[in-house]
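Since the structure comes first, as structure tokens, the remarks are kept for the end.
Quick note: the coordinates plus some simple rules give every number you see, no bench work behind them. Worth saying up front: this structure is predicted, and the values here are computed from it rather than measured. Glycine gets a Cβ as well: all are built from the backbone with ideal geometry, and neighbour counts include every protein chain shown.
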Amino acid sequence: MSEIILLSDNDKNIKTIQKYLPLHIITVFQQKDGVLEYIKNKTPEVIIVDTVGMKDAVNVCRAIKFDTQMQNIGIILIVDKKQKNKDFLKYASSYISKPIDKDILNATLNSVILTKHSLDELSESNSALSTSLYRLDELNKTITALAGSLDKSKIIEIMTSGIEKFLSYQLCYSLVFNDPLDITLSINSLHPISPRLEEAIKLRAIYSYKNLFNIHTTKEDIKVIKNIKRPNDFEYDLNILVPAKFDTVFAPINVKDKFFGIIEVFREKEFNKNVDVIAFQTLVKQATFPLQSAILYEEIKEQNDKLEEMEKKKSEFFSIVSHELRTPLTAIKNAITILLSGNIPNIPDRVVLFVKMIERNSEKIFSIVQEWLDSAKAETGKLDYNFTVANINPLVDSVKQSLSNLADEKNIDFTVNKTENIPALYIDTKRIEQVITNLVSNALKYTKNGGKITITTELTEAEMLKEKPFSKDKDRVLSDEYVVVKVSDTGDGIAKENLEKVFEKFEQVNGTLSRSVGGTGLGLFIAKQFADVHDGFLWVESVVHKGSDFYLAIPVLTEDERFEMQLRHDISNANSDKKSFGLITLCENKLTDKPYLVEFIRKLDCENIFKKSTDSKYFYTETKENLYYSFYDVNMNIQIFNFVIQRIKDFAQKDKNLQNGKKIYLSHVNYPDDAGDAEELMNQSKKQLKEVING
Ligand code: ADP
């Protein structure tokens, strides 16, 4: 039977309505105070509000309609035709006018009750729909989050919190097995759990685990992580495990064919087999895919670390062996020099011949050992480079001179085509000569008697390099011009599929041939590293049986670019050796010329201070309006650094020339605290340029 509350202050009306609605339970409410509280508790189907007898009726009706718990309650108003204020009508479901007619009252009541029932049904399905949507959304979010992680414990965490959002559980535990010594029991609970319950969960988890995976583990091996939502609330005890009190769902976490763990969830409200259980299983299943990737990732990472370690050990081994071999080899070479110097009388010719053979062969061993050393050092960035401004042609001449004999021995036509007036480069001459020597030695090795070898030097625009696929590999911008050294031979050539391979370590593309001509397979690998250090390129174009063209392209750098390249090397060296670093840039507008600046520095004794260290560098850079003079030191402590700055400032204050209008700007950057890399260091320095005279 529906309950109806009648709000009225009028005894006559109360009596009439009670008489007209005998079958309904009617609660009469006459006091205004606490009326809303009363209605909320009773949640009647309908309220009849006698607006004639109640002054506050409008407010009561409004409050009911705006309350989410009460808004479905039907409101029937009793109104008087003479009433002026009809405001409350908008909150009512229906109204009847006085005098109250029995039939009209009953009909209105029935229709309001019917409407209320329909409204209730609608709200129920609405709220079910929004709950489903919320859960679907959470399911989606969890699955997306799972896909983005490669960390095993994070994946379990995402899965557990996803399940919590979906199932609103009271307690959930997961036992995750990484290896026999790393087993974690994570307990997520709404309330604190008693020590007895914790022990029981441990045993329950181990028991389920053993049954599933036949793995022997004891509760002492298990690490427990607890996450309690409301730590100050009452404690859960063993009763949570009583089936009649809490419903549970359980799932194993299998990763491919490997076992990984188990998960069990407890909830007071029974799980719905079609929705809750399926969603739970879906989430656990979804977690296994990223878990699989995470396990694979860990395995690959482990393998990679091992490989890296082995590679490091191999390089170290090469360095040590090469070092050890070099010492006795040097002694042998010295002994040979003495034997062949002519200072020792009466050495038979036959012996001289043998000694010469020993000399040739020890030279070979020496160069192999040198290659090993260079390759190990180049790889670990430990080679020192000594960049200077130099022309490429003399290096080509020197290579020609040292290898002409070998060419003559094989009756090879060996020529050099140099471009005269070629721009100077910023290079380590020793290393670049080593590269050209290597290219020509190879050409000699792989060219048959009577063949032809040509070295050409020429200036090329960057356009020519842009067409080459390798130029895209470099993240640095191409320079405008390059000097290219080309070594061409009419030898065996290299098959297309091996063109890239020849630059790899220990790579000899034709094993048998190489064995017959000797070699370590390191020469081109080292040459490529040297080209890289110069921001250059090394590549080969070849046709089998016709011959090969090896190219070395080195950028022609402006003063500014030279400075930056040098700075880059010095910074990386300073970085690896954990040295301090000071960069000072002086900038003057072009009223004066360079010698003045040199003088300026000299007067300050800056040169002396800088020269004390071996790693000082000086550079001029000219722009349209300004002239920069930058100098830096790779091993300068902060005291010296500040001292130099102070001297420059003092000098600038006193100097008459400067006060007559010439301006000097100064900036200083201290590495490694202030800057990240060379370019940044330069930019910072330029940005910070301050006029010294004005402070
Ligand atoms: P190696 O010490 O074996 O000469 P390199 O690194 O200098 O080592 O060369 C690697 C491989 O490249 C050689 O073993 C050879 O197969 C091939 N190669 C190099 N230069 C030439 C060339 N001019 N003609 C044909 N093949 C060459």
According to a simple spin-label model (label point 7 Å from Cα along Cα-to-Cβ), what is the distance in nm between GLU607 and LYS654? 1.9 nm
Set LYS12/LYS82; LYS12/LYS42; LYS165/LYS226; LYS65/LYS165; LYS256/LYS301 screened for pairs whose C-alpha atoms are more than 22 Å apart: LYS12/LYS42; LYS65/LYS165
For segment 42-109 and segment 303-360, distance of Cα centres in Å: 112 Å
Förster radius 22 Å - calculated FRET efficiency between GLU680 and TYR620, Cβ distance, rounded to 0.05: 0.55
List the GluC sites (Glu not before Pro) within segment 269-344 that DSSP assigns to loop and that have no more than 16 neighbouring Cβ atoms inside 10 Å. GLU270
Subtracting the Cα-Cα distance from 0.36 nm times the residue separation, let me have the gained length for SER132 to VAL352 in nm, one decimal. 69.4 nm
Distance in Å, no decimals, from the C-alpha centre of segment 249-297 to the one of segment 147-179 is 9 Å
Segment 384-555: projected area of the alpha-carbon convex hull, averaged over directions, in nm²: 9.7 nm²
Could you tell me the calculated FRET efficiency between ILE344 and LYS312, based on Cβ-Cβ distance and R0 = 51 angstrom, to the nearest 0.05? 0.65
Please list 3J(HN,Hα) in residue order for segment 278-291, calculated via the Karplus relation 6.51 cos²θ - 1.76 cosθ + 1.60 where θ = phi - 60°; whole Hz, with x for glycine and proline. 5, 5, 4, 5, 4, 5, 5, 5, 4, 5, 5, 5, x, 4
With everything on Cα atoms, drop me the angle between helix 195-213 and the longest principal axis of the chain, reported from 0 to 90° to the nearest 10. 60 degrees
Apply the Karplus curve 6.51 cos²θ - 1.76 cosθ + 1.60, θ = phi - 60°, to the phi angles in segment 638-649 and return the couplings in whole Hz, x for Gly and Pro. 5, 5, 4, 4, 5, 4, 4, 4, 4, 4, 4, 5
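Give me the net charge of GLY547's neighbourhood, meaning all other residues with Cβ under 9 Å from the Cβ of GLY547; Lys, Arg count +1, Asp, Glu -1.
Working: positive: LYS452, LYS546; negative: ASP489, ASP492, ASP549.
Within the 9 Å Cβ shell, the charges total -1.
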List the residues, sorted by chain then number, that are 5 or more residues from ILE225 or on another chain and whose placed amide H is less than 5 Å from its amide H. LEU185, SER186, ILE187
Sticking with the crude label model, points 7 Å out along Cα→Cβ, report the distance from GLU481 to ASP532 in nm, one decimal please. 2.8 nm
What does a probe at LYS165 reach in segment 110-152, counting residues whose amide N is under 12 Å from the point 7 Å along Cα→Cβ? 134-146
Per-residue counts of other Cβ atoms within 10 Å, averaged by peptide: what ranking do you get for 342-351, 189-198, highest first? 189-198, 342-351
With each label point set 7 Å from Cα along the Cα-Cβ vector, what nm distance links ASN417 and LYS663? 5.3 nm
Rounded to whole Å and sorted largest first, what semi-axes of the equivalent ellipsoid does the C-alpha gyration tensor of the chain yield via the square root of 5 times each eigenvalue? 89, 40, 26
Name the residues of segment 324-339 whose amide N is less than 15 Å from a point 7 angstrom out from the Cα of GLU359 along the C-beta direction? 332-339
Between ASP11 and LEU150, what FRET efficiency comes out of the Förster formula 1/(1 + (r/R0)^6) with R0 = 56 Å and r the beta carbon distance, rounded to 0.05? 0.10
For the Cα atoms of the chain, what angle does the longest principal axis make with the long axis of helix 523-533, in degrees from 0 to 90, nearest 10? 70 degrees
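Taking the Cβ of LYS410 as the center, what net charge do the other residues with Cβ under 14 Å away carry, scoring Lys and Arg +1 and Asp and Glu -1?
So the surrounding residues net to -2.
Using 0.36 nm per residue, how much length does the chain from THR68 to SER293 gain when fully extended, once their Cα-Cα distance is taken away?
Numbers: separation 225, 0.36 × 225 = 81.00 nm, distance 4.75 nm.
My answer for the length gained is 76.2 nm.
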May I ask you to order 423-436, 393-406, 113-126 by the average number of other C-beta atoms within 10 Å around their residues, highest value first? 423-436, 393-406, 113-126
Can you list the lysines whose alpha carbon is less than 17 Å from that of LYS15, not counting same-chain residues fewer than 8 positions off? LYS98, LYS102
Alpha carbons only, please: Rg and Dmax for segment 132-256, in angstrom. 15.1, 43
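Are there trypsin sites (Lys or Arg not before Pro) in segment 617-653 that DSSP puts in a loop and that have at most 13 other Cβ atoms within 10 Å, and which ones? Each step should come with its number before you reach the end.
On the way: sites: LYS617, LYS624, ARG647, LYS649; in loops: LYS624.
Answer in residue order: LYS624.
Only loop residues by DSSP count here, and only those with at most 12 other Cβ atoms within 10 Å; note down the chymotrypsin sites (Phe, Trp or Tyr not before Pro) in segment 46-119 that meet that. List each step's numbers first, then the result.
Working: sites: PHE66, PHE88, TYR91, TYR95; in loops: PHE66.
When the chymotrypsin sites (Phe, Trp or Tyr not before Pro) of segment 46-119 are filtered for loop state and at most 12 Cβ neighbours within 10 Å, PHE66 remain.
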Under a point-charge model restricted to the Cβ atoms of Lys and Arg (+1) and Asp and Glu (-1), what is the dipole moment magnitude of segment 3-122 relative to its Cα centre, in debye to the nearest 20? 460 debye
Between GLU561 and ILE332, what is 0.36 nm times their sequence separation minus the Cα-Cα distance? Round to one decimal in nm. 78.0 nm
Taking θ = phi - 60°, what integer Hz values does the Karplus form 6.51 cos²θ - 1.76 cosθ + 1.60 yield along segment 565-575, in sequence order, with x for Gly and Pro? 5, 4, 4, 4, 5, 5, 5, 5, 5, 4, 4
Using only Cα atoms, what Kirkwood radius does segment 106-177 have, in angstroms? 15.3 Å
Sum of -39500 (n - 2.57) over DSSP H runs of 4+, divided by residues of the chain (222 nm, nearest 500): -16000 deg cm²/dmol
Helix 429-446 sits off the longest principal axis of the Cα atoms of the chain, rounded to the nearest 10 on a 0 to 90 degree scale, by 80 degrees
